[in-house]
Amino acid sequence: MRIYLDHNATTPMRPEVLEAMRPYLEARFGNANSIHSWGREAKRALEEAREVIASALGARDKESIVFVSSGTEADNLALKGAAWAARGRGRHIVTSAVEHHAVINTCRSLEEQGFEVTHLPVDGEGLLHPDTVMRSLRTDTSAISLMHANNETGVIFPIAEVGHLARQRGIVFHADAVQTFGRLPVGVESLGVDLLSLSGHKIYGPKGIGALYVRPGTKMVPCMHGGQQERGRRAGTENIAAAVGLARAAELCVESMQLEAERVRSLRDRLERGILSRIEGARRNGHRERRLANTSNISFQGADEESLILALDLEGVAVAAGAACTSGSLEPSHVLEAMGRRPEIDGGALRFSLGAGTTEAEIERVLDLLPTVVERIRAAAGSSHPEPALTYR
Ligand code: PLP
């Protein structure tokens, strides 16, 4: 039995998505910029996909959707595009300390180019308070960028409240909705965002495609230079098959969103309750309620995360330590660090992220084998009995 509990890293593509894409990988291979019938056919498919994404986001104008290659590119375009366009107003950007590296490292690059970035703190449960955002705003603040939900803990940020604040002050507001689009209702009007990033491979769609919502009137400079594709906002021949796949995946996720969220929440809670009651020195990271229904992040005192992941992998179970792009390197998670966790005391943290294929039998199997795996690793590390004073529940 192979058990995949790493859906925040990526998801398998749905067969319906592949079906929708197939014609555009085969006979309908045209370039959407050609004026002959092959080109027009491709263009039509691209515009239909744009319409679907706009409607899933509650956006009024389909031209507000820019197709890009990934969530990372959407974040880059949002931040660099908006920061450079608004530099006349100021060079101060507000973000949080727990963003994905797609935002953190883009901010770093902007800092090297003379922008100033404030990284807002979160509390011990990973929550960001709107007051904290309000206090950070200055007359020269030109952009705010915050994630809708955290990829490591699933904790949800108060995007609508910040959207309201940003609008009052006329500051461009970007939300990274890569982990929420298709899982939670994401409406650009109700959230009050000017820019919003999403990605195909997190929602059972293809890799290599993402989209950025750009509110009409938002000033942007392009990051990619070349042809006039995507109305001059993102040059490069469009990936029609992937855009069609993204749209189909979005439709399917939106259709099943509520039932699926309830289903995975009940499985996730069962997994979490089971782990916390069966394994001493295990502690949940992240607010219990205000988080994605599919995500559970748990620290295991006296066990390091790499050993845990590898031991579980040998048992056929895939889980992650923090974000996928940093696993493999032994750097501590900047997210857990910002929440005040100390790996040397709290132990290694595992992220369990459930998805459409997760079953009750899989959860039971993980609950059966995890206590032994943790015990074995603790014994090998010489800490089979965590200090009572440091035992969390
Ligand atoms: N933002 C968040 C919150 C993410 O979780 C990820 C991927 O894990 C990204 C951005 C980057 O998306 P992509 O993998 O499509 O580049």
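Structure notes:
- Residue 51 being in contact with a helix residue (DSSP H, G or I) (Cβ under 8 Å, 6 or more places away or on another chain) and open to solvent by 80 Å² or more (accessible area, probe 1.4 Å): yes
- Qualifying residue in region 218-230 (condition: in a helix (DSSP H, G or I) and not assigned by TED's automatic domain parsing to the domain that holds residue 336): yes
- Tally, over region 121-150, of residues that are within 18 Å of residue 172 (Cα to Cα) and within 16 Å of the ligand (Cβ to nearest atom): 5
- When restricted to residues that are open to solvent by 10 Å² or more (accessible area, probe 1.4 Å) and among the aliphatic types (A, V, I, L, M), region 241-263 contains 6.
- Residue identified as acidic (Asp, Glu) and away from the ligand (no atom under 14 Å from the Cβ) among 99, 73, 51: 51
- Selection of region 1-21 for residues being in a loop (DSSP other than H, G, I, E, B), within 16 Å of the ligand (Cβ to nearest atom) and among the aliphatic types (A, V, I, L, M) yields 5, 9, 13.
- None of 338, 243, 320 is within 16 Å of the ligand (Cβ to nearest atom) and in the same structural domain as residue 45 (by TED's automatic domain parsing) except 243.
- Counted residues, region 342-369 - those being open to solvent by 30 Å² or more (accessible area, probe 1.4 Å) and at pLDDT 95 or above: 8
- Of all residues making up region 177-198, the number that are within 11 Å of the ligand (Cβ to nearest atom), assigned to a strand (DSSP E or B) and open to solvent by 10 Å² or more (accessible area, probe 1.4 Å): 0
- Scanning region 67-90 for residues that are surrounded by 24 or more Cβ atoms within 10 Å (Cβ to Cβ) and under 13 Å from residue 218 (Cα atoms) yields 77, 78, 79, 81, 82, 83.
- Residue pairs meeting the criteria (Cβ under 6 Å; at least 6 apart or on separate chains; first in a helix (DSSP H, G or I), in region 266-277; second surrounded by fewer than 19 Cβ atoms within 10 Å (Cβ to Cβ) and of a type in the set (A, V, I, L, M)): 274/367
The values are calculated or read from the model by the stated rules, or taken from the named source; none is laboratory data. For clarity, every value in this text was computed on a predicted model and none was experimentally measured. Methodologically, a virtual Cβ is constructed for each residue, glycine included, from the backbone with ideal geometry; neighbour enumeration extends over all protein chains shown. Surface areas here come from the heavy atoms of the whole protein model, side chains and all, with no ligands, DNA or RNA. Shrake-Rupley method; radii C 1.70, N 1.55, O 1.52, S 1.80 Å.
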